[in-house]
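So the structure is just underneath, and the comments pick up after that.
The values are calculated or read from the model by the stated rules, or taken from the named source; none is laboratory data. None of these values were measured; they are calculated from a predicted model. Note that we place each Cβ from the backbone using ideal geometry, even for glycine, and neighbour counts take in every protein chain shown.
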Amino acid sequence: MNDILIEAHTCAALKGYLYFLSEFPAISEKIQARSDAYRNNGHELRSPPDMPVLARTASSSESNWRAILTLLPVLGNMGSRLFRQLRDFVQTFDREVHALSSAAESALIKDLNAQHFTPVLSGTQERLDHTDIAHLLKNLSSLIEECTFTGVTLEQIVEEDSNLTHSFLTHFIDALRTAICACPPCVSKFEIYYYDGLFSTDMIDNHLALYCLPDVCTKPHDIYLKALRELHVNARLAGSSLGFLCSRMLLFLKDINGEIISLLPETPVRLACTTLKQIDYLLTDLNKVSDALISLSSILNPSTSITSPTKKT
């Protein structure tokens with residue numbers, strides 16, 4: 001299950017992308033101002049960036065990420081609470097079966113004392129009392145479904161933004177690579193914008209610098225354009241990794257709920273014990289995914305700094 005962890009460089013890229021989105025309104029204004037200045041001086045602009053469209057796309061992506069950052073800790077904490085409550089149920093069930101001793105061979109789930117089991121707490125921390133084991137199992141299933149609903153919502157937003165991020169950064173970077181006007185010598189838009197201070201010092205030093213490979217033969221603006229492309233690739237990778245986390249969690253929830261639903265009042269406790277062993281195995285993975293979501297939420301918090309990953313060579 002080590003594959004559920006999101007590597008440091010992808011976390012850094014994602015945080016850099018979120019910072020880039022927050023700066024984009026200012027970046028857009030600088031680009032528009034420089035384009036207007038060139039046009040007013042009689043230059044014929046070549047394929048000027050469609051800044052209104054890019055700005056709307058950036059705004060949509062930023063809105064998506066605000067929702068994602070809100071749901072991340074919610075889903076992670078829901079998963080952790082679900083893990084604790086299901087683990088408590090499994091352990092209590094095991095104790096009750098052992099207490100039956102030889103009678104366990106013929107006992108059914110409905111024969112267990114429901115009052116020995118801890119009531120389920122809903123997502124809003126409401127105590128859901130139960131009258132029998134079947135009622136308790138129904139409450140646990142409802143809790144799983146609450147968590148599943150949140151997971152599906154998060155997964156859908158992440159998937160939607162994956163395409164948005166790719167479209168936005170691809171069009172932005174491609175536009176920057178072209179010449180700013182038809183006049184010789186040919187100068188790219190990015191070269192002009194870079195020396196205009198397109199990116200803030202914080203964006204350059206704390207985010208783009210992670211992907212810069214100093215080269216005495218390469219101009220500074222070209223180094224940062226390559227860094228922006230690296231940021232693009234790694235930000236998409238981080239989004240894909242987050243989507244993978246969501247899909248893994250939903251898979252575990254589906255399997256756990258399927259096992260819970262299979263436990264009926266007439267199910268022999270010995271057969272139920274086999275089912276609960278499978279649930280307990282799945283719970284370990286569920287807890288790891290929940291912890292990973294909570295950790296990622298903390299890392300992406302604007303006040304949290306990320307240790308710079310080793311630069312690629």
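Key figures for this structure:
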item: Residue list for segment 75-96, filter: in contact with a helix residue (DSSP H, G or I) (Cβ under 6 Å, 6 or more places away or on another chain) and either β-branched (V, I, T) or over 20 Å from K277 (Cβ atoms) (or both); result: L75, G76, M78, G79, S80, V90
item: Segment 114-141 residues that are part of a helix (DSSP H, G or I), paired with ones that are of a type in the set (F, W, Y) (beta carbon under 9 Å, 6 or more apart); result: I133/F93; I133/F117; L136/F89; L136/F117; L137/F89; L140/F89
item: Residue list for segment 126-148, restricted to those being exposed (fewer than 13 other Cβ atoms within 10 Å of the Cβ), out of contact with any helix residue (DSSP H, G or I) (no Cβ under 9 Å at 6 or more places or on another chain) and closer than 25 Å to L245 by Cβ; result: none
item: Residue in segment 208-218 that is over 21 Å from S167 (Cα atoms), at pLDDT 75 or above, out of contact with any Pro (no Cβ under 6 Å at 6 or more places or on another chain) and assigned to a helix (DSSP H, G or I) present; result: no
item: Hey, A67 modelled with pLDDT under 85, within 17 Å of the chain's Cα centre (by Cα), closer than 25 Å to V158 by Cα and of a type in the set (G, A, S) or not; result: no
item: Condition check for C183: more than 29 Å from L253 (Cβ to Cβ) and touching a residue at least 60 places away in the same chain (Cβ under 8 Å); result: yes
item: Subset tally (residues that are touching a residue at least 60 places away in the same chain (Cβ under 8 Å), under 22 Å from I31 (Cβ atoms) and assigned to a helix (DSSP H, G or I)) for segment 150-180; result: 11
item: Residues that are surrounded by fewer than 16 Cβ atoms within 10 Å (Cβ to Cβ) and touching a Pro at 6+ places or on another chain (Cβ under 8 Å), drawn from segment 109-125; result: K110
item: Members of segment 81-95 that are over 12 Å from L137 (Cα atoms) and surrounded by 20 or more Cβ atoms within 10 Å (Cβ to Cβ); result: L82, F83
